[in-house]
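Have a look at the structure below before the remarks.
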Amino acid sequence: MHRIERIYIDGEFVAPHGQEWFDLHNPSTEEVIGQVLLGDAHDARRAIAAAKAAFPAWSRTTREERVAALKRMHRAVVAREDRLMEAILEEYGAPSVRGRWMATYPAAVIEQAVEVLESFAFEEQAGTARVIQTPVGVAGLITPWNSNAGFICNKLATALAAGCTVVIKPSEMSALQTQVIAEALHDAGLPAGVFNIVNGRGDVVGEEIARHPDIAKISFTGSSAVGEHLVTAGAATMKRVTLELGGKSPTVVLEDADFAGVMPLVLQAGFANSGQACIAGTRILVPRARLAEFEQIAREAVSHIKSGDPSKADTDIGPMVSAKQWERVQSYIRLGQAEGAKLLVGGEGRPEGLHRGWFVKPTIFTGATNQMRIAREEIFGPVLTVIPYEDEADAIAIANDTRYGLSALVVGKDSARCERVARQIDAGRVLVNTLSHEPRAPFGGFKHSGLGREMGRWGVNAYLEPKTLLMEAGVSRR
């Protein structure tokens, strides 16, 4: 049994003031595998005070000093890749291929932050003025359970590169991953108070971060509902906010597509991270004239997708993270049938042969309309909805008829046509015949999918405020 009873404040692992123990589960077995002692609002205030005290010195560090610190962080996280992989498998249940990516990603994003920092322009000339990019202050970083370690390292490395100090509120459901990362970051030898980590509930620790006047910026990844609340809560203290929120991403299958050829890409987009991904392509738009053909090929392809033990190399879809999430997904499967959509594959209950664990059958609805709730609401599980369209204009209209706008996928043979369609989709990122990721490009969403951008120089800019400096004519700069 794991027992995590320390949080990280001012360069030390310390006992929290909070007294609530939170159970950790293995989602593949439903067993309790440990407990984490949660911090409270008092602990959040201690962490904020430590970050505030550390900010003046850290904000004045040189580029070279920050690069050196990030490189130490990178080495320390790389050294714990296998331990992180074990934690991801045990407390989250990601299939081994996805889990290995999740274990390597935290170090990769720190390395990418180094690359951006080495060439970042903190000063530039604007006519007779000098524009100086200055760190915004103490940043509150709030991370989700579906890729906790990666989000911690991405947000932290970016904030530190900009010269900010931080307080991190990770998902309490991912405490094993947080502990591995916290130990790595401690070993990297950053100055005390530069980063602080407080395990705790969102409505307690997260709320204190959202309202505290000494937090200048919030970076949050999670649900749109919580994102909207953070904007409201932070408004009184004029917090800068970056939000990466939910999605209901369209996969637009064009008329000239080779359905058999693109089906692996389409299903991978939809079932990514066991369906627990904000970017998942859960609305599949298919030309009505070829709908029956698509359904036949999809049904056959899904029959080869394996749900089950995430430690096995041939497992494609792991469990949902919790009983609550499993129940949520089951309720949407029932809802889809009640709304009149046709169940093409999958359905309620666990996959055949699995009698415990929060596993969901890979499920596809067809014959749906874009007005059904299964097509409009984020389910966050391996449940896809096929929606027929009449022509290209109709496909674009359906793709954009959503409150979200995080990601999209367009597949087809004519690359020029694919690009024409992609340019008309309202989303922060549109992929064409690929699921590749470019970490140097900005990532974030339109509409209710978020505010601002992460990654690359856009991510660093989000932690900076431009200051205009005008000098008296004839006075030299020193």
Legend entry - Cα long-axis angle, helix 323-339 against the chain (0 to 90 degrees, to the nearest 10): 40 degrees
Legend entry - Those lysines that a straight Cα-Cα span of less than 18 Å connects to Lys217, excepting residues fewer than 8 apart in one chain: Lys52, Lys155, Lys169, Lys239, Lys467
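Just to confirm a number: summing +1 for Lys and Arg and -1 for Asp and Glu over residues other than Arg46 whose beta-carbon lies under 15 angstrom from that of Arg46, what do you get?
Charge balance in the 15 Å sphere: -2.
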Legend entry - Local electrostatic count at Val194 - Lys and Arg +1, Asp and Glu -1, tallied over other residues with Cβ under 11 Å: 0
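Expressed as a rounded percentage, what relative contact order does the chain have, with Cα pairs under 8 Å and six or more residues apart?
Relative contact order, the chain: 18 percent.
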Legend entry - Mean residue ellipticity (222 nm) of the chain, computed from DSSP H runs ≥ 4 via -39,500 (n - 2.57), nearest 500: -12000 deg cm²/dmol
Inset, instruction - Give the share of C-alpha pairs in each 10 angstrom bin for the stretch 320-371, from 0 to the last occupied bin, in whole percents, shortest bins first. - result: 25, 52, 22, 2
Legend entry - Gyration tensor verdict on the chain (Cα atoms; rounded if a/c is under 1.5, prolate if a/b is larger than b/c, oblate otherwise): oblate
Inset, instruction - Could you run the Debye sum over the Cα atoms of the stretch 250-432, one equal point scatterer each and no solvent, and tell me log10 of I(q)/I(0) at q = 0.14, 0.20 Å⁻¹, two decimals? - result: -0.71, -1.42
Legend entry - Length released on extending from Val432 to Ala129, taking residue separation times 0.36 nm less the Cα-Cα span: 104.9 nm
Legend entry - Lysine pair count for the stretch 250-432 [Cα-Cα under 30 Å; pairs on different chains or 8 or more apart]: 10
Inset, instruction - Grab the Cα-Cα distance for Lys312 and Glu390, subtract it from 0.36 nm times how many residues apart they are, and report the gain in nm with one decimal. - result: 23.9 nm
Inset, instruction - Find the relative contact order for the stretch 75-114 and round it to a whole percent, using C-alpha pairs within less than 8 Å whose residues are 6+ positions apart. - result: 46 percent
Inset, instruction - Show the residues, 5+ positions off or on another chain, whose built amide H is closer than 5 Å to the amide H of Glu20. - result: Leu38
Inset, instruction - Only bridges with both residues in the stretch 250-432 count here: give the DSSP antiparallel percent, nearest 5. - result: 15 percent
Legend entry - Mean Cα-pair separation over length for the stretch 250-432, i.e. relative contact order, pairs under 8 Å, 6 or more apart, %: 28 percent
Legend entry - Sorted by Cβ neighbour density within 10 Å, fewest at the top, the residues Trp458, Trp58, Trp358: Trp458, Trp58, Trp358
Legend entry - Cβ-based net charge around Glu65, under 14 Å, with every Lys or Arg adding one and every Asp or Glu removing one: +3
Legend entry - Cα-based reach from Lys248 at 15 Å (exclusive), listing aspartates and glutamates while leaving out same-chain residues under 8 positions away: Glu377, Glu378, Asp401, Asp426
Legend entry - Ser322 long-range amide H proximity, modeled H, under 5 Å: none
Legend entry - Length released on extending from Arg60 to Asp23, taking residue separation times 0.36 nm less the Cα-Cα span: 9.2 nm
Inset, instruction - For the chain, give the share of DSSP beta bridges that are antiparallel, in percent and rounded to the nearest 5; count only bridges with both residues there. - result: 40 percent
Legend entry - Dipole in debye (nearest 20) - the chain, about Cα centre, beta carbon charges: Lys, Arg +1; Asp, Glu -1: 940 debye
Inset, instruction - Please identify which residues in the stretch 136-165 have an amide N closer than 12 Å to a label point set 7 Å out from the Cα of Ala192, following the Cα→Cβ vector. - result: none
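Placing +1 at every Lys and Arg Cβ and -1 at every Asp and Glu Cβ, with all other atoms neutral, what dipole size does the stretch 250-432 have around its Cα centre, in debye to the nearest 20?
Taking the Cα centre of the stretch 250-432 as origin, the dipole is about 600 debye.
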Inset, instruction - Starting from the Cα of Ala397, step 7 Å along the direction of its Cβ; do the same at Glu293; then give the gap between the two resulting points in nm. - result: 2.4 nm
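Throughout, read-outs are computed from the coordinates displayed, never taken from laboratory work. In this text the structure is predicted, and so the values were computed from the model without any measurement. When we count neighbours, we look across all protein chains shown, and the Cβ atoms used for this are built from the backbone with ideal geometry, even at glycine.
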